[in-house]
Amino acid sequence: MDLVPLHPDFGAEVRGLDIIDVATSDKAYQTVRSAFEQHSLLLFRDQEIGDDVQVAFSRAFGPLERVKVGSEGFGTFYSRLNNLASDGSLVPETHRQALTARANQLWHTDSSFKQIPALASVLSARVVPQRGGETEFASTRHAWARLSTSLQARLRDAVVTHSYAHSRDQIDPTLMTDPERTALPPARWRMTWGNPVNGRLALYIASHACAIVGLADTEARALLDELIANATRPQFTYLHHWRLGDVLMWDNRATMHRGRPWPHDQPRSVVRTTVSAVDADGLAEVRPPNGTL
Ligand code: MN
């Protein structure tokens with residue numbers, strides 16, 4: 001296996017190994033897991049991707065999030081993100097699926113608003129538009145390392161509130177229904193997430209982050225905005241131009257990402273699977289320090 005850097009700070013293309021190998025070989029899994037812990041973002045090209053292969057690969061890394069689909073309940077592992085109706089036609093720009101795509105264009109980390117946040121996301125391209133629709137990444141591990149020692153001391157054990165409603169309301173206050181709001185109460189996490197293998201800290205912030213315990217809301221939002229802006233300056237990001245057969249896997253503990261817009265008259269379809277971040281006791285890895293709540 002060879003690793004080819006995607007950006008000077010983070011990210012690597014994995015060559016000489018297919019994602020199905022990870023599902024069938026512990027040695028391949030250990031190799032890829034180690035690269036994941038070190039590089040935070042992995043790219044596999046020219047994969048024969050399908051739902052079954054994607055799930056088999058993803059679940060090698062831990063338990064998968066279940067996804068609610070309409071009235072079918074939590075029956076699937078796939079988040080299907082596209083601008084297509086069930087008959088294959090394009091949905092209008094005001095459709096819920098189109099608004100969801102716009103919300104995904106805010107810098108975020110997946111599932112930080114859930115009671116169990118995400119270790120990793122796996123995204124495969126199924127339909128790629130002729131232009132646009134890229135996914136852009138920033139390393140929050142490197143963003144943390146660039147902060148001054150005094151700011152690091154202040155933020156290391158800060159506790160941040162993450163709310164799905166906060167990010168969705170920025171796009172359209174009608175995007176979330178009242179039952180959805182009730183089902184997804186805010187979650188609170190430590191602002192830094194230490195990698196259990198190499199000890200490196202990363203900022204754990206996102207478009208879902210809306211408050212910091214002990215700070216006035218205006219002050220907290222200004223600080224979060226500034227941290228996100230500094231983490232995502234263009235020289236610090238990697239922009240992925242999708243090709244069919246591409247599979248990306250990223251570390252939600254150490255990166256932020258956003259979708260990029262594409263022309264509304266072009267179809268785009270991607271499928272995400274998400275690995276939950278649980279420790280040996282089945283508890284969320286990034287619990288706030290004791291006594292802060
Ligand atoms: Mn996302």
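The values are calculated or read from the model by the stated rules, or taken from the named source; none is laboratory data. For clarity, every value in this text was computed on a predicted model and none was experimentally measured. Counting neighbours? That spans all protein chains shown, and the Cβs are built from the backbone with ideal geometry, glycine included. We work out accessible area using only protein heavy atoms, side chains counted, and drop any ligands, DNA or RNA first. Shrake-Rupley method; radii C 1.70, N 1.55, O 1.52, S 1.80 Å.
Any residue in region 93-105 that is under 11 Å from Ser167 (Cβ atoms) sitting within a Cβ distance under 9 Å of a residue that is assigned to a helix (DSSP H, G or I) and open to solvent by 40 Å² or more (accessible area, probe 1.4 Å)? List the pairs, counting only those 6 or more apart or interchain.
Between residues of region 93-105 that are under 11 Å from Ser167 (Cβ atoms) and residues that are assigned to a helix (DSSP H, G or I) and open to solvent by 40 Å² or more (accessible area, probe 1.4 Å), the close pairs are Ala103/Gln170.
Enumerate the strands (runs of 3 or more DSSP E) found wholly within region 62-165, keeping only those where 1 or more residues are open to solvent by 50 Å² or more (accessible area, probe 1.4 Å).
Fully inside region 62-165 and qualifying: 79-82, 118-127.
Could you please let me know if Ser112 is in contact (Cβ under 8 Å) with a residue 60 or more places away in the chain, within 16 Å of the ligand (Cβ to nearest atom) and over 13 Å from Arg272 (Cβ atoms)?
yes
For region 211-255, give me each residue that is closer than 17 Å to Arg190 by Cα and of a type in the set (A, V, I, L, M, F, W, C).
Once the filter is applied, which keeps residues that are closer than 17 Å to Arg190 by Cα and of a type in the set (A, V, I, L, M, F, W, C), region 211-255 yields Ala211, Ile212, Val213, Leu215, Ala220, Leu223, Leu224, Leu227, Ile228, Ala254.
How many residues does region 1-31 contain that are free of Cβ contacts under 8 Å to residues at least 40 places away in the same chain and part of a helix (DSSP H, G or I)?
So the count comes out to 11.
I'd like to verify a number: residues in region 225-281 that are charged (D, E, K, R), open to solvent by less than 50 Å² (accessible area, probe 1.4 Å) and part of a loop (DSSP other than H, G, I, E, B), how many?
Adding up the residues that qualify gives 4.
To keep it simple, each residue is scored yes or no on (1) within 17 Å of Pro117 (Cα to Cα); (2) modelled with pLDDT of 90 or more.
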| residue | (1), (2) |
| --- | --- |
| His162 | yes, yes |
| Arg168 | no, no |
| Thr174 | no, no |
| Ala183 | yes, no |
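Quick check: is even one residue across region 130-139 more than 14 Å from the ligand (Cβ to nearest atom), in contact with a helix residue (DSSP H, G or I) (Cβ under 9 Å, 6 or more places away or on another chain) and under 28 Å from Asn230 (Cβ atoms)?
Yes: one or more hits.
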